[in-house]
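Asker: Shown below is the structure under consideration.
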Amino acid sequence: QVQLVESGGGAVQAGGRLRLSCATSGLIASALPNGWFRPAAGKEREFVAALSGSGGVPKYGDAVKGRFAIARDNAKNTVYLQMNSLQLEDTALYYCEAKNWGAGSPNSAVYDYWGQGTQVTVSS
């Protein structure tokens, strides 16, 4: 069983920054590919960012490209989402997801595990 716990959400003014963390625990043999998602109108979950278990080239959704950065520290079994230049539209519950194999994916349906989410609220 794999557990994901997100943290780092909160309230911030537009233009500000936050760093989300996703700690992975449980029976895992190696670092799992991770993705960050958030709910969006017309979609079950909007893709935010993804990264393979070994790192490599990250992937980003169009809405956050150039503002957000995903990184990982495998020694701590933790994935981070650095969120800069936050906008009102970034307000959402952010979910961390993980899957058993392969590369990080922009498709939420292929992930096997997810956390409870951490709320980000951006105000003007």
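Asker: For the range 68-76, indicate whether the set of residues that are farther than 15 Å from Cys22 by Cβ and either in contact with a Ser or Thr (Cβ under 8 Å, 6 or more places away or on another chain) or among the aromatic types (Phe, Trp, Tyr) (or both) is non-empty.
Answerer: no
Asker: Looking at the range 78-92, which of the residues that are touching a residue at least 60 places away in the same chain (Cβ under 8 Å) and open to solvent by 20 Å² or more (accessible area, probe 1.4 Å) is nearest to Arg19 (Cα to Cα)?
Answerer: Here the answer is Gln82.
Asker: Hey, among the residues in the range 38-56 that are within 16 Å of Asp73 (Cα to Cα) and more than 11 Å from the chain's Cα centre (by Cα), which one's most open to solvent (accessible area, probe 1.4 Å)?
Answerer: Once the filter is applied, the top-ranked residue is Ser54.
Asker: Out of all the residues in the range 38-48, is one or more part of a loop (DSSP other than H, G, I, E, B), under 16 Å from Tyr95 (Cβ atoms) and modelled with pLDDT of 90 or more?
Answerer: Within the range 38-48 (the criterion being part of a loop (DSSP other than H, G, I, E, B), under 16 Å from Tyr95 (Cβ atoms) and modelled with pLDDT of 90 or more), the answer is no, since none of the residues qualifies.
Asker: Identify all residues within the range 57-74 that are of a type in the set (Gly, Ala, Ser) and either at pLDDT below 95 or surrounded by 11 or more Cβ atoms within 10 Å (Cβ to Cβ) (or both); write none if there are none.
Answerer: Gly61, Ala63, Ala69, Ala71
Asker: Identify the residue in the range 1-37 that is part of a strand (DSSP E or B) and among the small types (Gly, Ala, Ser) and, among all such residues, is least open to solvent (accessible area, probe 1.4 Å).
Answerer: Looking at the filtered set, the residue picked out is Gly35.
Yes/no matrix, rows are residues, columns are (1) of a type in the set (Ser, Thr, Tyr); (2) in a helix (DSSP H, G or I); (3) open to solvent by less than 40 Å² (accessible area, probe 1.4 Å); (4) modelled with pLDDT of 95 or more:
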site	(1), (2), (3), (4)
Lys76	no, no, no, no
Cys96	no, no, yes, yes
Trp101	no, no, no, no
Gln119	no, no, no, yes
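Asker: For Gly8, all conditions in the list (1) farther than 16 Å from Val120 by Cβ; (2) in contact with a Ser or Thr (Cβ under 8 Å, 6 or more places away or on another chain); (3) not polar (S, T, N, Q) hold save one; what is the number of the exception?
Answerer: (1)
The values are calculated or read from the model by the stated rules, or taken from the named source; none is laboratory data. Just so we're clear, the structure is a prediction, and the values are computed from it rather than from any experiment. Using ideal geometry, Cβ is built from the backbone for each residue, glycine included, and neighbour counts are taken over all protein chains shown. Note: areas computed on protein heavy atoms with side chains; ligands, DNA, RNA excluded. Shrake-Rupley method; radii C 1.70, N 1.55, O 1.52, S 1.80 Å.
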